[in-house]
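Q: Take a look at the following structure, please.
Read the figures in this text as sums done on the coordinates, not as results from a lab. This one's a predicted model, so the numbers in the text were calculated from it and none came from an experiment. In this analysis, Cβ positions are derived from the backbone assuming ideal geometry, glycine residues included, and neighbour counts consider all displayed protein chains.
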Amino acid sequence: MGPAQLAAVSYLARYSGHTHLLYAYQLRRWFGWCESNGLDPLLRIQRAHVELYIRHLGASGLMPSSVNTSIHAVRGCFRFALTMTWRQGALDGPRLSESCQRAERPTPIAS
């Protein structure tokens, strides 16, 4: 199990029921997008990668509020990974944090 998978499994262990299922789905979607784009889902991710993923979600037909919800588990997993003690010097804490936390998210449409 690689660092990204370990972070995801550890992050998801904190949740149960519907929240666990939803976050697991959101992380699987992120991991799949990263794999199809030749990226590790956790290591060396830059803000541009996260913003491209957000754009991909929007292009798939999701409303801005759904895109924001879909990125929630990804952001949480990044934050969680920063607190893990197994980092082994491989994770660049500030870069990881900024990559996901400062990415431009769509503004929900007022109804």
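Q: For the residues Val74, Val50, what sequence is obtained by ranking on other C-beta atoms within 10 Å, fewest first? It would help to have the intermediate numbers written out before the result.
A: Values: Val74 26, Val50 23.
Exposure proxy ranking, most exposed first: Val50, Val74.
Q: Please sort by residue number the chymotrypsin sites (Phe, Trp or Tyr not before Pro) in the range 1-38 whose DSSP state is loop and whose Cβ has at most 16 other Cβ atoms within 10 Å. Working shown, then result.
A: On the way: sites: Tyr11, Tyr15, Tyr23, Tyr25, Trp30, Phe31, Trp33; in loops: Tyr15.
Hits after loop and neighbour filter: Tyr15.
Q: May I pose another question? Suppose R0 equals 35 Å; then what is the FRET efficiency for Ala48 and Ser16 from their Cβ-Cβ distance, rounded to the nearest 0.05?
A: On the way: r = 34 Å, r/R0 = 0.97.
The value I calculate is 0.55.
Q: With θ set to phi - 60° and the Karplus curve 6.51 cos²θ - 1.76 cosθ + 1.60, what are the ³J(HN,Hα) couplings of the range 21-33 in order, to the nearest whole Hz, using x for Gly and Pro?
A: 4, 5, 5, 4, 4, 4, 6, 4, 5, 4, 4, x, 4
Q: Once you have a ≥ b ≥ c as the square roots of the Cα gyration tensor eigenvalues for the range 1-85, tell me rounded if a/c is under 1.5, and otherwise prolate or oblate according to whether a/b is larger than b/c.
A: On the way: a/c = 1.86, a/b = 1.19, b/c = 1.56.
Cα axes put the range 1-85 in the oblate bin.
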